[in-house]
1. Once the piece of chain linking residue 69 and residue 191 is laid out straight, how much longer is it, given 0.36 nm per residue of separation minus the C-alpha distance between them?
2. Nothing charged except the Cβ atoms of Lys and Arg (+1) and of Asp and Glu (-1): what's the magnitude of the dipole of the stretch 1-103 about its Cα centre? Round to the nearest 20 debye.
3. Given a Förster distance of 22 angstrom, what is the FRET efficiency for residue 173 paired with residue 25, based on the Cβ-Cβ distance and rounded to 0.05?
4. Return 185, 163 ranked ascending by Cβ neighbour count within 10 Å, so the fewest neighbours appear first.
5. Treating only the Cβ of Lys, Arg, Asp and Glu as charged (+1, +1, -1, -1), what charge dipole size does the stretch 56-159 show about its Cα centre? Round to the nearest 20 debye.
6. Return the subset of 3/34; 56/181; 25/56 for which the Cα-Cα distance in this structure is over 26 Å, preserving the input order.
7. List, largest first, the extents of the alpha carbons of the stretch 56-159 along their principal axes, each in whole Å.
Amino acid sequence: MIKEEIRSLVWNLLPKYSQGSEYHKEVIDRAIEKVINQLYTETFNRYPLSIYRYTKRFGTTTPIIVSSDSSAGIYYSNYPTGVMPISLPDKASGVRRVTTVAQGGIRCYPMDVREYELVQAGSFFSLTSGMIGYIPTRERVEYWGMTAAIAASGVRMDLIVPFSDYAETDQILIPENLSDKDESFTDMVLTILGVIRPQETKDDNVTTIEAENK
């Protein structure tokens, strides 16, 4: 579904007296975002490789600029305007893939700060060719092994971004709930909003729970 359809789905499940008064659009969006972020993390912890299904690619039409901090000797890219990737518990975090526009034989690999410091200290890793390391930080992505030629062409990034960073017409895939609780996505959102959904009843107006206890 696209973003506005997901919001509309939750909106239409709210009690009729609440629509337009108790729950502002931003409140609904934040509840949706919290649930989707939780589902991203659960999916990554259970099936790490499947998290790539939920990325959004940036830099396809206009490559992401690679800048140089000459004083620190660092190449880096700022995140796309208005985007802050979600943090995931590994080296790549929310930056699941970086690819170069030029020199297709070059591959980019995630690194953590400790690894970056080790290769900067003069290890034999510096003799490796065809590899660029990237380090996601809170403010930007920094590179090890970046060259001026590759930097001039820019890069592309596949990012895990929060619900609020999607455009209204963007398609958003929502992971399944992999926890032990048998809750749908909408149930999880409504729980955060403090909405208690009515119990399912049978034709005789007896709830499902009451019927099972008879």
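Readers should treat all values here as calculations from the given coordinates under stated rules, not as data from a laboratory. Worth saying up front: this structure is predicted, and the values here are computed from it rather than measured. Counting neighbours? That spans all protein chains shown, and the Cβs are built from the backbone with ideal geometry, glycine included.
1. Difference between extended and current length: 39.3 nm.
2. 260
3. 0.50
4. Listed from fewest to most nearby Cβ atoms, that is 185, 163.
5. Charge dipole, the stretch 56-159, about its Cα centre: 380 debye, nearest 20.
6. Those over the limit are 56/181.
7. Per principal axis, max minus min of the Cα coordinates gives 36, 30, 27 Å.
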